[in-house]
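Here, each number is a calculation from the coordinates, and none is a lab measurement. As the structure is a prediction and not an experimental result, all values here were calculated from the model. Cβ: placed from backbone, ideal geometry, glycine included. Neighbour counts: every protein chain shown.
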Amino acid sequence: QEQVMLLSRLLANFTRGQSDELRKAMGKKLIDKMNSLKEKFLAGGKQNGYQEKVLDKIWHDWEK
């Protein structure tokens, strides 16, 4: 869970608050919240120059 928080901040410029929201949503399986955060994660990651397929793979691994 801490790695999710760290990577979301490094890859997609999440704030500490956003990364904590993500951690909680994943822990409680809050699908709607995770979907809205996924959009932010993908947008932030693309803005930082990461390919969408790489970001999707990371997100998919987190969902397991």
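What number of residues within the stretch 3-27 satisfy the criterion of being β-branched (Val, Ile, Thr) and more than 10 Å from the chain's Cα centre (by Cα)? Total meeting the criteria: 1. Can you say whether residue 37 is part of a helix (DSSP H, G or I), in contact (Cβ under 8 Å) with a residue 12 or more places away in the chain and either exposed (fewer than 13 other Cβ atoms within 10 Å of the Cβ) or out of contact with any Gly (no Cβ under 6 Å at 6 or more places or on another chain) (or both), as far as the supplied structure shows? Judged against the criteria, residue 37 is a match. Note on the stretch 12-30: residues that are in contact (Cβ under 8 Å) with a residue 24 or more places away in the chain and surrounded by 14 or more Cβ atoms within 10 Å (Cβ to Cβ) total 4. Checked against (1) surrounded by 15 or more Cβ atoms within 10 Å (Cβ to Cβ); (2) without any contact (Cβ under 8 Å) to a residue 24 or more places away in the chain, residue 61 meets all criteria but (1).
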